[in-house]
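Student: For reference, the structure I am asking about is given below.
The values are calculated or read from the model by the stated rules, or taken from the named source; none is laboratory data. From a predicted model like this one, the values you see are computed outputs, not experimental measurements. A quick note on method: Cβ atoms are made from the backbone with ideal geometry, for glycine too, and the neighbour counts reach across all protein chains shown. Side chains are part of the model used for accessible areas, which takes the heavy atoms of the whole protein and leaves out ligands, DNA and RNA. Shrake-Rupley method; radii C 1.70, N 1.55, O 1.52, S 1.80 Å.
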Amino acid sequence: MKREVQIQQLQENPNLIWDVIVIGGGATGLGIALDSVTRGFKTLLLEQSDFAKGTSSRSTKLVHGGVWYMAQGDPLLVMEALHERGLMMKNAPHLTSNQEFVVPVYNLFDVVKYTVGLKFYELLAGRLSMGKSHFINRKNTLARLPQLKPEGLKGGVVYHDGQFDDSRMTIALAQSCIDSGGTVLNYIEVSGLLKNEKGKICGV
Ligand SMILES: Cc1cc2nc3c(=O)[nH]c(=O)nc-3n(C[C@H](O)[C@H](O)[C@H](O)COP(=O)(O)OP(=O)(O)OC[C@H]3O[C@@H](n4cnc5c(N)ncnc54)[C@H](O)[C@@H]3O)c2cc1C
């Protein structure tokens, strides 16, 4: 992962035809570049600043199945995201961890809603589940979250999701991309797109 080597690869091959040029070295760009290079495409990625300088170092740092998509009534999307979460936890155990959450509940309707809803969330993960979801009483909830308003508290619902280091994951993607033969450079801004005589984009 040496910058001089990467620059040399560009300078030595000024007429090289790239199959894929990716603009932006955040999680999306580096993910695409890694996918591309591992499919055998000659791949170049250019980032104008540090890798993960944008949103990819400022996320909530959750590898989640999108628990709120359940409320939107999209269990298939949740299932897909939970599957991806499970794969990421397996593929990158050094960048991820199991995070327990407690949802405080203040009325009986919420006790049932969150206990059933989060159990369903756990079951949708199947074999890749990260831990059992369950109801805990008022005393245990306050012991875990002493800053909660105690008046009217009925208890809490515990569930599990993934947590990750977003910028480290981005750097790991850059490293894997280079290891696989891609050319990945930061501090190079793409200032425009080149078009051929038919008006089709043919370079940057
Ligand atoms: C508040 C918040 C919380 C989030 N929480 C989570 C979460 O918990 N879990 C999760 O998985 N996702 C979360 N996300 C979503 C996730 O962070 C984004 O989906 C992801 O970071 C987007 O990555 P990106 O590569 O598309 O964008 P960016 O990380 O913004 O990367 C774009 C890159 O393109 C570069 N660029 C732009 N123009 C040029 C140019 N002309 N030349 C060269 N480079 C250029 C920029 O410098 C930048 O580095 C959250 C997002 C937000 C905003």
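Student: Can you sort Glu100, Glu84, Glu189 by solvent-accessible area, 1.4 Å probe, largest first? Please report the intermediate quantities before stating the final value.
Tutor: Details: Glu100 80, Glu84 105, Glu189 125 Å².
In descending accessible area the options line up as Glu189, Glu84, Glu100.
Student: With 22 Å as the limit, write out which pairs from Lys61/Lys139; Lys42/Lys198; Lys113/Lys154 have Cα-Cα distances beyond it, or answer none.
Tutor: Lys61/Lys139; Lys42/Lys198
Student: Could you look at the chain and say what percent of its accessible area is carbon and sulfur, using a 1.4 Å probe and all protein chains?
Tutor: Ligands and nucleic acids excluded, carbon and sulfur give 55 percent.
Student: Sum -39500 (n - 2.57) across every DSSP H segment of at least 4 residues in the chain, then divide by the residue count to get the 222 nm mean residue ellipticity, nearest 500.
Tutor: -12500 deg cm²/dmol
Student: Could you pull out which residues in the range 164-192 have an amide N less than 15 Å from a spot 7 Å beyond the Cα of Gln8, following the Cα-Cβ vector?
Tutor: Of the residues in the range 164-192, 183-184 have backbone N under 15 Å from the label point off Gln8.
Student: Please give the charge dipole size of the chain, origin at the Cα centre, charges +1 on K and R Cβ atoms and -1 on D and E Cβ atoms. Round to the nearest 20 debye. List each step's numbers first, then the result.
Tutor: Numbers: 22 positive and 19 negative charges, 134 e Å.
Roughly 640 debye for the chain.
Student: Let me ask another. Determine ³J(HN,Hα), in whole Hz, for all residues of the range 55-61 in sequence, where each value follows from phi through the Karplus function 6.51 cos²θ - 1.76 cosθ + 1.60 and θ = phi - 60°; x replaces Gly and Pro.
Tutor: 4, 5, 10, 10, 7, 6, 6
Student: How big is the antiparallel share of DSSP beta bridges in the chain, given as a percent to the nearest 5?
Tutor: 70 percent
Student: What order, most packed first, do the peptides 116-125, 12-21, 176-185, 129-138 have when packing is the mean number of other Cβ atoms within 10 Å of each residue?
Tutor: In descending order of packing, they fall as 176-185, 116-125, 129-138, 12-21.
Student: Using θ = phi - 60° and the Karplus relation 6.51 cos²θ - 1.76 cosθ + 1.60, list the HN-Hα couplings for the range 2-7 in order, rounded to whole Hz, with x at every Gly or Pro.
Tutor: Listing the rounded values in order: 9, 4, 4, 5, 5, 5 Hz.
Student: What is the Å³ per residue value for the convex hull set by the Cα atoms of the chain? Mind dumping the intermediate values first?
Tutor: Details: hull volume 33.9 nm³, N = 204.
That works out to 166 Å³ per residue.
Student: Label Lys154 and Ser49 with points 7 Å out from Cα along Cα→Cβ: what is the distance between them in nm?
Tutor: If labels sit at Lys154 and Ser49, their model points lie 4.5 nm apart.
Student: Can you run phi through the Karplus equation (6.51, -1.76, 1.60; θ = phi - 60°) for the range 27-34 and list ³J(HN,Hα) in whole Hz, with x for Gly and Pro?
Tutor: Working through the residues one at a time gives 4, 5, x, 5, x, 5, 4, 5 Hz.
Student: Next up: Highest first, please rank the peptides 27-33, 52-58 by the mean number of other Cβ atoms sitting within 10 Å of their residues.
Tutor: 27-33, 52-58
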